[in-house]
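Working notes, beginning with the structure itself.
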Amino acid sequence: MNGFARRTEQKKQAIKQAVLELLQKMRDPREVTIQEIARQAHVSPVTIYNYFGSKEHLIRETLLDDVIRQVDEYEAFLKQAESFEEKVKHTIFQEVKLFKEGWTDVMLCWMQEDEEFRRSIELINETRVLPLVVDMIREAQKKGEVDPRLSIEALLLYLNGWRELSEKIPPSLYNERLVEDMVRLFFYGVKGETR
């Protein structure tokens, strides 16, 4: 990459970083303006339009890059984690973190606003996230951590139910103890572990 291309890429990354920072504060992509992004990134609004064409395209690309980064990190964690319980706990912690930071709201808002973004997220879930979760379940079944008689479909439904439940808990209630209790309930129910 020559010097011009490198500087262009650095400016694009600075613009995307500015978008992420502004979205964390505002939580509604529709409220973020090109002028605020330009000021935060130390570029002109014209530069943003030249690189991205529109605010909508910039936000779409920025959020998709962030989702892909998160999926890459999740995949790396799943490869190095030892137990199914450790993987589930990490998954719940990540969901809680994104929810508390307001990232879930930002994503849902933009999925309603931008059809192309929604389709891209669905494709990422279908082609990357779902296969990761299915592989995680199959590995846990082989290791005896999950009942091998249970179907993948039933286990996916169970996992999805827990994800949806965790999104309904007010962020003010989240703490490490609650997540630990949720993991314990996930694995052992209300009766607790019996040996």
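The values are calculated or read from the model by the stated rules, or taken from the named source; none is laboratory data. For clarity, every value in this text was computed on a predicted model and none was experimentally measured. Heads up, the Cβs are rebuilt from the backbone with ideal geometry, glycines too, and the neighbour counts pull from every protein chain shown. Ligands, DNA and RNA are stripped out before the accessible areas are found, and what is left, the full protein with its side chains, is counted by its heavy atoms. Shrake-Rupley method; radii C 1.70, N 1.55, O 1.52, S 1.80 Å.
Quick one: is Ser44 open to solvent by 40 Å² or more (accessible area, probe 1.4 Å) and on the phi < 0 side of the Ramachandran plot? It is true that Ser44 is open to solvent by 40 Å² or more (accessible area, probe 1.4 Å) and on the phi < 0 side of the Ramachandran plot.
Here is a yes/no grid of residues against (1) among the small types (Gly, Ala, Ser); (2) over 24 Å from Glu61 (Cα atoms); (3) out of contact with any Leu (no Cβ under 7 Å at 6 or more places or on another chain):
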position: Phe93; (1), (2), (3): no, yes, yes
position: Asp105; (1), (2), (3): no, no, yes
position: Leu108; (1), (2), (3): no, no, yes
position: Phe117; (1), (2), (3): no, no, no
position: Leu123; (1), (2), (3): no, no, yes
position: Met136; (1), (2), (3): no, yes, no
position: Glu164; (1), (2), (3): no, yes, yes
position: Pro170; (1), (2), (3): no, yes, yes
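Of all residues in the range 23-33 being of a type in the set (A, V, I, L, M, F, W, C) and open to solvent by less than 10 Å² (accessible area, probe 1.4 Å), which is modelled with the lowest pLDDT? My answer is Leu23. Applying the criterion of at least 1 residues that are under 30 Å from Lys142 (Cβ atoms) and in contact (Cβ under 8 Å) with a residue 40 or more places away in the chain to the helices (runs of 4 or more DSSP H) found wholly in the range 1-84 leaves 55-80. Taking the conditions (1) β-branched (Val, Ile, Thr); (2) within 15 Å of Leu132 (Cβ to Cβ); (3) within 11 Å of the chain's Cα centre (by Cα) in turn, Val88 satisfies each one other than (3). Scanning the range 80-102 for residues that are out of contact with any Ser or Thr (no Cβ under 6 Å at 6 or more places or on another chain), farther than 13 Å from Glu180 by Cα and acidic (Asp, Glu) gives Glu82, Glu101. Condition check: open to solvent by less than 30 Å² (accessible area, probe 1.4 Å) and at pLDDT below 95. Does Ile121 satisfy that? Judged against the criteria, Ile121 is a match. Within the range 139-195, the set of residues being more than 29 Å from Gly102 (Cα to Cα), among the acidic types (Asp, Glu) and surrounded by 12 or more Cβ atoms within 10 Å (Cβ to Cβ) comprises Glu139, Glu145. Consider Ser120 carefully, then state whether it is assigned to a helix (DSSP H, G or I), touching a helix residue (DSSP H, G or I) at 6+ places or on another chain (Cβ under 6 Å) and closer than 27 Å to Lys55 by Cα. Here the answer is yes, as Ser120 does meet what is asked.
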